[in-house]
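Worksheet: one structure, shown below.
The values are calculated or read from the model by the stated rules, or taken from the named source; none is laboratory data. Remember, predicted model here, so these are calculated numbers, not experimental data. Here the Cβ is made from the backbone with ideal geometry for all residues, glycine too, and neighbour counts use every protein chain on show. Protein only, heavy atoms only, side chains kept; ligands, DNA and RNA dropped before computing areas. Shrake-Rupley method; radii C 1.70, N 1.55, O 1.52, S 1.80 Å.
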Amino acid sequence: MPDASKDIVINTTLLIALTAALGKLDVLKTLYSRVVVPYEVAEEIKMGGKDAFGVDVFEQSSWLEIKPNPVILQPYLQNQLDRVEASVIQTALQESIQLVCIDEIVGRRVARLSGLNLTGSIGILLKASAMGYPLSIIDALDRMRAQGIWLGQGVVQYAIEHSKKE
């Protein structure tokens with residue numbers, strides 16, 4: 001039986017951030033045995049059409065476990081979050097996956113209240129770096145910002161301080 005502690009449900013923000021930072025998503029395959037993408041996340045990433053940023057990288061990542069149907073959301077999730085973030089939490093709860101990747105503050109709070117463990121885009125980059133995945137945190141942050149991904153100064157400082165020496 002696969003190690004469920006190495007499973008993760010991911011949000012759209014992570015897919016875009018990793019594509020900006022690294023140009024690919026294979027770091028997820030390195031870190032996790034199962035990477036689950038709710039139907040709603042897949043739809044959101046493809047919404048801009050084939051030429052939208054990150055769609056090609058997403059579609060080439062055939063190892064992602066993309067859910068084929070929308071999830072039925074619990075009312076408390078519908079009332080607190082947009083449907084995409086809510087689908088990440090609902091999917092994790094239904095699949096008994098303890099770890100979700102959500103960057104948005106309200107989504108993180110609701111995930112915690114739902115008993116889930118959290119990581120974010122920066123957390124995944126830091127974990128990959130610590131495990132020897134070849135990347136420069138500073139370069140990754142620069143590429144993310146160049147793509148218009150907003151990163152608070154505190155997050156940037158934290159990432160730089162906690163990255164391994166490059």
Which whole-number value in Å² is the accessible area per residue of the chain, probe 1.4 Å? 52 Å²
Separation in nanometres of the label points that stand 7 Å from Cα toward Cβ, at residue 153 and residue 117: 3.3 nm
If each K or R counts +1 and each D or E counts -1, the residues other than residue 59 whose Cβ falls under 10 Å of its Cβ total +1
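With each run of n ≥ 4 DSSP H residues scored as -39500 (n - 2.57), what mean residue ellipticity at 222 nm is computed for the chain after dividing by its residue count and rounding to the nearest 500 deg cm²/dmol?
Here the helix-only value at 222 nm equals -15000 deg cm²/dmol.
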Full-extension gain between residue 6 and residue 136, please, as 0.36 nm times their residue separation minus the C-alpha to C-alpha distance. 44.4 nm
Which percent of the accessible area of the chain is formed by carbon and sulfur heavy atoms (probe 1.4 angstrom)? 53 percent
Could you work out the relative contact order of the chain, using alpha carbon pairs under 8 angstrom and six or more residues apart, expressed as a whole percent? 26 percent
Isotropic mean projected area of the C-alpha convex hull, the stretch 85-166 (nm²): 6.0 nm²
Please return the longest stretch of the chain lacking exposed loop sites, where chymotrypsin sites (Phe, Trp or Tyr not before Pro) count only if DSSP places them in a loop and at most 12 other Cβ atoms lie within 10 Å. 64-149
Semi-axes of the equivalent ellipsoid of the chain: what are they in whole Å, largest first, if each equals the square root of 5 times a C-alpha gyration tensor eigenvalue? 24, 18, 16
Please compute the Kirkwood hydrodynamic radius over the stretch 39-88, one decimal place, Å, based on all pairs of different Cα atoms. 11.9 Å
Two-site label geometry, residue 79 and residue 43: point separation in nm, points 7 Å out along Cα→Cβ: 2.3 nm
